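Written below as structure tokens is the structure these notes are about.
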Amino acid sequence: GEDVEQSLFLSVREGDSSVINCTYTDSSSTYLYWYKQEPGAGLQLLTYIFSNMDMKQDQRLTVLLNKKDKHLSLRIADTQTGDSAIYFCAERGLDDKIIFGKGTRLHILP
Amino acid sequence: KAGVTQTPRYLIKTRGQQVTLSCSPISGHRSVSWYQQTPGQGLQFLFEYFSETQRNKGNFPGRFSGRQFSNSRSEMNVSTLELGDSALYLCASSLKVGPDTQYFGPGTRLTVL
């Protein structure tokens, strides 16, 4: 079945760029999403990309999509302490079901 | 515009009991989806409703059920609770079904003792 994989942890120094990677298996994915979850809170949609796009930029966030390798990444420029959270990659397939990765915990080092 | 609201925020039940969780979508949103989040399994899709009809269902036993009302509010019910049902239950709403952006509520934290 469909699967979405992410590394579980990432540590980055404040001010550096963070790159969170994700791979998925469903080649018929229509949309791919990045969500942020802070402690004790629900999920917040950060950005999304249509499957026919290669890149999307939104302020400090850049999403890159490699359809051939089924690889999605989220780059956060100038990482701040407020970026500390769990980041979820998710894909929506043709059946409209959304499959989430297990999340990457981003830790910011001073 | 008010966001997605879920009630209650926290719930403690014992094994064998049943529980009903409620979700009020963003005004104007007609699609509501439910997810279960646990440390071990991560986020898993439960079901999706649109115009009072269940459109999609995840791989959960029949103890998990839901419904949607004419005002788009949704409830999910879990009967005969098991310890493994302890989780954060998240509700998300969107304007329509299909590739549309989902907005999540804060969740209901269910603890089964």
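The values are calculated or read from the model by the stated rules, or taken from the named source; none is laboratory data. Being a predicted model, the structure only gives us computed values, none of them experimental. Positions of Cβ are generated from backbone atoms using ideal geometry, with glycine treated the same way; all protein chains shown enter the neighbour counts. Remember, those area values only see protein heavy atoms, side chains included, never the ligands or the DNA or RNA. Shrake-Rupley method; radii C 1.70, N 1.55, O 1.52, S 1.80 Å.
Listed values, structure above:
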read-out	value
Flag for A:N21 being in contact (Cβ under 8 Å) with a residue 24 or more places away in the chain, open to solvent by 40 Å² or more (accessible area, probe 1.4 Å) and more than 23 Å from B:Y49 (Cβ to Cβ)	yes
Counted residues, the range B:23-58 - those being crowded, with 16+ Cβ neighbours inside 10 Å and either part of a loop (DSSP other than H, G, I, E, B) or of a type in the set (G, A, S) (or both)	9
Qualifying residue in the range A:58-68 (condition: part of a helix (DSSP H, G or I) and polar (S, T, N, Q))	no
Subset of the range B:82-113 (residues that are among the polar types (S, T, N, Q), farther than 15 Å from B:T5 by Cα and either touching a residue at least 12 places away in the same chain (Cβ under 8 Å) or open to solvent by 60 Å² or more (accessible area, probe 1.4 Å) (or both))	B:S86, B:T111
Residue under evaluation B:R15, criteria (1) farther than 27 Å from A:K36 by Cβ; (2) in a strand (DSSP E or B), criterion not met	(2)
Test for A:Q80: is it free of Cβ contacts under 8 Å to residues at least 24 places away in the same chain and more than 14 Å from every other protein chain (Cβ to nearest Cβ)	no
Cross-chain or 6+ apart pairs with Cβ under 9 Å, the range B:59-81 first and over 30 Å from B:G28 (Cβ atoms) and open to solvent by 20 Å² or more (accessible area, probe 1.4 Å), then assigned to a loop (DSSP other than H, G, I, E, B) and of a type in the set (K, R)	B:S79/B:R63; B:T80/B:R15; B:T80/B:R63
All positions within the range B:70-83 that are outside any strand (DSSP E or B) and either touching a strand residue (DSSP E or B) at 6+ places or on another chain (Cβ under 8 Å) or of a type in the set (V, I, T) (or both)	B:S72, B:R73, B:S79, B:T80, B:L81, B:E82, B:L83
